[in-house]
Amino acid sequence: MAPKPRLGFLGVGWIGRHRMQAVLDAGLGEACAICDTSAQMAAAARDLAPDAAMMDTLEALLDTGPDGVLIATPSALHARQSIRALESGVAVFCQKPLGRDAREVAAVLDAARRADRLIAVDLSYRHTRAMQAVRDRIGSIGAVFAADLVFHNAYGPDKPWFYDPELSGGGCVMDLGVHLVDLLLWTLDFPAVDTVSADLFAGGSRISGKTDVVEDYAVVTLGLEGGATARLACSWRLHAGCEAVISATFYGTEGTLVFSNVGGSFYDFVAELRRGTRSETLLSPPDAWGGRAAVDWAERLAAGCGFDAEAERLIQVSEVLDRVYASARKS
Ligand SMILES: NC(=O)c1ccc[n+]([C@@H]2O[C@H](COP(=O)([O-])OP(=O)(O)OC[C@H]3O[C@@H](n4cnc5c(N)ncnc54)[C@H](O)[C@@H]3O)[C@@H](O)[C@H]2O)c1
């Protein structure tokens, strides 16, 4: 049997430790090193992997010779740290967003292509069974002419770095809208996006021009190749009446497909197919999807996969986000 890949874990805060646990529980790799600037977070991660070396820097972590590194640091660091790992010949699984703009994302993809190393990003909702059921059936609802995608989070991030655009790249669009843009394009097989218009708000006031404030409410309209329209809305700390409102609805000439959360849950989703006044449930909870993107990457790493050109799609998603911010700055 081939030895398990040796894995390094860079940034082991909330999501980093969750993904670390998922990959180790799946038996897909051995934790060789952990690095976090917070001693408290590093110690908590060591509970999951007592034999892993504790390292102070990414350089020291790379010196332990990992096959892959899982990155879950603040967003501004993702591109730089991914490129450093890839240039050392190490595969990368990075939290979203891979970069704060398309230029950063493209630079990471260049590094991965050059090094022929596997790169994947934690676009976790793609890995829900409910979203997969919607995507699998998208051809059964005729011509898709409209889509409505929503991610309202009644809470906001509790770490200060999320509110500094230099460190986060943006507010709820960068944090939650990235999932919506990705789900839209992935479900429709990546049509070109012809037009983008966006309205961004912070604390109830419209944001326009250049600003140091991150948005906490956004409505975005995308015009897609072939004439379809998509409306995206996302927010932090909305008076939503529940913890979260998450959905992706695709309207076709012969039916509607819906992915939506159940009872305000962050974790439970259903998929439905609607025709006229009838509705058929395609998938319902439970579904333990949270760590699946990381596990999928680790499986492919263990199988010896190198660069996967599918990852180039990440640039298109990031370009749409760039256009969202550019549109709001103009308004
Ligand atoms: N895929 C998803 O659905 C999803 C969900 C939640 C968060 N995220 C993303 O995960 C990332 C982390 O979010 P979080 O909520 O876990 O944040 P967090 O602040 O809890 O974790 C970040 C960790 O990185 C550490 N860190 C900071 N600088 C470092 C450095 N230079 N080297 C090593 N460690 C460093 C911090 O000490 C902290 O422990 C964000 O980019 C966020 O957007 C993705």
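The values are calculated or read from the model by the stated rules, or taken from the named source; none is laboratory data. From a predicted model like this one, the values you see are computed outputs, not experimental measurements. Cβ: placed from backbone, ideal geometry, glycine included. Neighbour counts: every protein chain shown.
Miscellaneous remarks
- Only one of D158, D175 that is surrounded by 22 or more Cβ atoms within 10 Å (Cβ to Cβ), of a type in the set (D, E, K, R), within 13 Å of the ligand (Cβ to nearest atom) and not in a strand (DSSP E or B): D175
- Single match in A298, A293, A328 (criterion: in contact with a Leu (Cβ under 8 Å, 6 or more places away or on another chain), outside any strand (DSSP E or B) and at pLDDT below 95): A328
- Residue within the stretch 263-282 that is aliphatic (A, V, I, L, M), in the same structural domain as A143 (by TED's automatic domain parsing) and closer than 30 Å to G156 by Cβ present: yes
- All of A33, A53, A22 fail the test of being out of contact with any Ser or Thr (no Cβ under 7 Å at 6 or more places or on another chain) and in the same structural domain as A115 (by TED's automatic domain parsing), apart from A22.
- Matching residues, the stretch 5-44, being in contact with an Asp or Glu (Cβ under 7 Å, 6 or more places away or on another chain) and away from the ligand (no atom under 11 Å from the Cβ): P5, R6, L7, L28
- Taking the criterion of being over 20 Å from the mean Cα position of the chain (by Cα) and more than 16 Å from the ligand (Cβ to nearest atom), the residues of the stretch 87-110 that qualify are E87, G89.
- Output for the stretch 45-61, where each listed residue is under 18 Å from G29 (Cα atoms) and acidic (D, E): D47, D51
- The set of residues from the stretch 111-146 being within 16 Å of the ligand (Cβ to nearest atom) and either closer than 20 Å to R278 by Cβ or part of a strand (DSSP E or B) (or both) comprises I119, A120, V121, A130.
- Scan of the stretch 56-69 for residues that are touching a residue at least 24 places away in the same chain (Cβ under 8 Å) and either over 15 Å from A85 (Cα atoms) or β-branched (V, I, T) (or both), ordered by number: T64, V69
- If you go through the stretch 58-75 and keep only what is at negative phi, over 25 Å from the mean Cα position of the chain (by Cα) and not charged (D, E, K, R), you end up with A60, T64.
- Checked against (1) assigned to a loop (DSSP other than H, G, I, E, B); (2) touching a Ser or Thr at 6+ places or on another chain (Cβ under 7 Å); (3) not polar (S, T, N, Q), L62 passes all but condition (1).
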